[in-house]
Amino acid sequence: MTYALLAGLGTGLSLIVVIGAQNALVLRQGVLRRQVPAIVAICAGSDALLIALGVGGVGAVFTSWPSALAVVRWVGAAFLIGYGVLAARRVLRPSALELDGAAKAGAAVIVTCLALTWLNPHVYLDTVLLLGTASTGFGDDRWWFAAGAITGSVLWFSALGFGARWLSSAFTRPSAWRLLDAAVAVVVTATGISLVL
């Protein structure tokens, strides 16, 4: 039980602690201190649901129905590339980067977070397929493995979202926002292009 829990925690963290579109949004909103509880809840809750589905065996549906992943791949690629273009525009227009004016409307942030979560095929590959497959090696303890992976997700998104407030003083300068948005633009656009290729 303990081994499965710790293995799930470690495996989950190894898959989630990467620079990606979703993490960039959580970091950005954390620095802005806007909609952080909702964003963290969406990200961690979505991961928990997808991990549970993967451990429950839903991954077999994706492997037997590849057209489902293909649709998500193309829609996700288009969304990610569009999001990358918007981040690049923010780099080129520093006047829009001031802390008070940089927050998006609440509904727009929630929709963006949901899209970055559910339209990204990597989310399904990591949570449903990889974690689901890895859990099969733990037999009856596979749900402890799932609990560890879910715990890792909750810890990561909470630390990223709520911990980002300590970076807010560094982001009082437009140049810091430009640097963050440039990184977001590169990572998100590259992810979208990789989905197409």
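Only one of ALA170, ALA176, ALA147 is of a type outside the set (Val, Ile, Thr), modelled with pLDDT of 85 or more and either open to solvent by 50 Å² or more (accessible area, probe 1.4 Å) or over 15 Å from the mean Cα position of the chain (by Cα) (or both); which? Break it down stepwise before answering.
Working: ALA170 fails: modelled with pLDDT of 85 or more; ALA176 fails: modelled with pLDDT of 85 or more.
Exactly one residue qualifies, and that residue is ALA147.
Return yes when VAL26 is more than 30 Å from TRP166 (Cβ to Cβ), out of contact with any Asp or Glu (no Cβ under 8 Å at 6 or more places or on another chain) and either at pLDDT 85 or above or part of a helix (DSSP H, G or I) (or both) and no when it is not.
Numbers: more than 30 Å from TRP166 (Cβ to Cβ): no; out of contact with any Asp or Glu (no Cβ under 8 Å at 6 or more places or on another chain): yes; either at pLDDT 85 or above or part of a helix (DSSP H, G or I) (or both): yes.
Taking the combined requirement at face value, the residue does not satisfy it.
If we only count helices (runs of 4 or more DSSP H) wholly inside region 96-197, which ones have 2 or more residues that are under 16 Å from LEU86 (Cβ atoms) and hydroxyl-bearing (Ser, Thr, Tyr)? Steps first, please.
Values: elements: 106-118, 132-135, 142-163, 174-196.
Result: 174-196.
The values are calculated or read from the model by the stated rules, or taken from the named source; none is laboratory data. Remember, it's a predicted structure, so these values are computed and weren't measured experimentally. Please note: Cβ atoms are built from the backbone with ideal geometry, for glycine as well, and neighbour counts cover all protein chains shown. Note: accessible area is taken over every heavy atom of the protein model, side chains too, but ligands, DNA and RNA are not part of it. Shrake-Rupley method; radii C 1.70, N 1.55, O 1.52, S 1.80 Å.
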